[in-house]
Amino acid sequence: MGARVVCNCAPRAELVRVELAPGLPAQQCEACGGVLLGMADHRHWREAAAVSALPGEAAPALSDSPSARACPACTRLMQRYRAGMTPDFRVDHCPACQLVWLDKGEWQALAQAGLATRLGEIVSAAWQRRVQSDELRARREAGLRSKHGDACIDEIKRVREWLDGQAQRDELIALLRAGW
Ligand SMILES: [Zn+2]
């Protein structure tokens, strides 16, 4: 990371060195509260034995930027990766510089969700596929719940879980259908 990096928020403020967590250096824009984090620094921090628990700081309101941003170091457009369904925001990643940009509050939101050590996974295709399939499943379930009601869907889930634990699962389902 170069010595002098400016933020591309309106005032174009210079980033200042901060410690995001004990042993984790980063650069922060004092104007917008965004944070620039090196993936190598993050990896070293994560691998250090000291990282067992993060303080449960109260997360300030998220201010996820709506569009892709330019990398503060190389000015190329950063790639956006969804952190998940909850919290739902996008992490900006520059693959060339191996830098991540977190808007104000996003680091704290990651920490609260237990995802602070998993930044490397979040900026991967596998993580993105999983977020998509989780969302698809949630949307399908929401549709089923509005059609059949929560009590019905909860009951079906309970029965399915019970069936999945039975050694004779398929035979029991056949019995259920046939009405013996
Ligand atoms: Zn870059």
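Details
- Per the Kirkwood formula applied to alpha carbons, the chain shows a radius of gyration over Rh ratio, Rg over Rh, of 1.15.
- Placed amide H near LEU99: partners under 5 Å, 5+ positions off or other chain: MET39, CYS94
- Taking SER67, SER133, SER146 in turn, the Gaussian network model of the chain (Cα-Cα springs below 10 Å) assigns the largest fluctuation to SER146.
- Per-residue 3J(HN,Hα) values for segment 161-174, derived from phi via the Karplus relation 6.51 cos²θ - 1.76 cosθ + 1.60 with θ = phi - 60°, read 4, 5, 4, 4, x, 8, 5, 9, 3, 5, 5, 5, 5, 4 Hz in sequence order (x marks Gly and Pro).
- Annotation: per residue accessible area for the chain equals 61 Å², rounded to a whole number [probe 1.4 Å, protein chains only].
- Between segment 12-42 and segment 149-180, the Cα center-to-center distance that results, in Å: 51 Å
- Sequence-distant residues sharing a close amide H with GLY84 (under 5 Å, placed H): PHE89
The values are calculated or read from the model by the stated rules, or taken from the named source; none is laboratory data. Source: prediction; values computed, not measured. Ligands, DNA and RNA are stripped out before the accessible areas are found, and what is left, the full protein with its side chains, is counted by its heavy atoms. Shrake-Rupley method; radii C 1.70, N 1.55, O 1.52, S 1.80 Å.
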